[in-house]
1. Project the alpha carbons of the chain onto their principal axes and report the range along each, largest first, in whole Å.
2. Once phi is turned into ³J(HN,Hα) by the Karplus curve 6.51 cos²θ - 1.76 cosθ + 1.60 with θ = phi - 60°, what whole-Hz value does each residue of segment 112-121 show in order, with x for glycine and proline?
3. Per DSSP H run of at least 4 residues, take -39500 (n - 2.57); add these up for the chain, divide by its residues and hand me the 222 nm value, nearest 500 deg cm²/dmol.
4. Quick check for me: using +1 on Lys/Arg Cβ and -1 on Asp/Glu Cβ, what's the dipole size of the chain about its Cα centre, in debye to the nearest 20?
5. Relative contact order of the chain: what whole-number percent is it, with Cα pairs under 8 angstrom and at least 6 residues apart?
6. Report the net charge of residues surrounding Ser172, where surrounding means a beta-carbon distance below 13 angstrom and charges are Lys +1, Arg +1, Asp -1, Glu -1.
7. Pop out the ³J(HN,Hα) list for segment 34-47 in order, Karplus 6.51 cos²θ - 1.76 cosθ + 1.60 with θ = phi - 60°, rounded to Hz; leave Gly and Pro as x.
8. How do the peptides 101-110, 53-62, 74-83 rank, highest first, by the average count of neighbouring beta carbon atoms within 10 Å per residue?
Amino acid sequence: MIVIISYIIFQLFLIILLLLIFLELFQDFVLGKVPYIPTPIKIIEELLHKINVSPKIVYDLGAGDARFLIAFKRKFPSTKVIGFENSLLPYLYGKIKILYYNLDIKLLHKNFFKQNISQADLIFCFLGPEQMKRLEKKFDEELKKDAIIISNTFTIPHWHIKEKYILGTNKSAWNKIYIYQK
Ligand SMILES: C[S@@+](CC[C@H](N)C(=O)[O-])C[C@H]1O[C@@H](n2cnc3c(N)ncnc32)[C@H](O)[C@@H]1O
């Protein structure tokens, strides 16, 4: 009897997991949402090694599994780091990673377009052209003067690029980093 019940629970778990994955993919590809493509860890490490910053508050807009925030917090423990992620699976995975590393990181299951970002000293993002267009307006309106924006791969349409890095090896994916300062 116990074996049958365990089997049914396992099957239900699998069905729910598949449904969640289907819903995520449906949102990404049918509704044109930015898919969850993580920045390679090596690129993040190289980036953090290169930049010379000392922000008090860092935001990751579309934080995925929180890998940038985790790497940042481990390197700069006194910085307050906050991420927004609206897809359930990367968000849950990020929460598990934060628990595992036992770090004081806020990862919120929220749409960053609906959040006020005026407290951020540094923003990291890896999104898409449409989101960058919308974010430009939000940055113009909300972001404090001198705030730094680090964007993987996608530029802010009308802002002046302060620094640009191509990281990793020739074959690295998602390795163009644009840095801006308001
Ligand atoms: C390309 S991934 C990058 C993830 C992470 N920042 C990294 O570099 O590894 C973009 C993430 O942004 C999330 N995202 C896109 N639009 C969002 C929004 N409006 N609010 C919150 N998260 C969003 C997606 O769900 C996806 O996980």
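1. Largest first, the chain extends 66, 37, 36 Å along its Cα principal axes.
2. Values, residue by residue: 5, 5, 9, 9, 8, 10, 5, 7, 6, 8 Hz.
3. -12500 deg cm²/dmol
4. Result for the chain is approximately 380 debye, rounded to the nearest 20.
5. On the way: 282 pairs, mean separation 32.8, N = 182.
Relative contact order of the chain: 18 percent.
6. Details: positive: Lys42, Lys171, Lys176; negative: Glu45, Glu46.
Here the count lands on +1.
7. 5, x, 7, 10, x, 5, x, 3, 4, 5, 4, 4, 5, 4
8. On the way: 101-110: 14.6, 53-62: 19.3, 74-83: 16.5.
Listed from highest to lowest mean packing, they are 53-62, 74-83, 101-110.
All of the numbers you see were taken from the coordinates with simple rules; none came from a lab. Just so it is clear, the structure is predicted and the values come from calculations on it, not from any experiment. Heads up, the Cβs are rebuilt from the backbone with ideal geometry, glycines too, and the neighbour counts pull from every protein chain shown.
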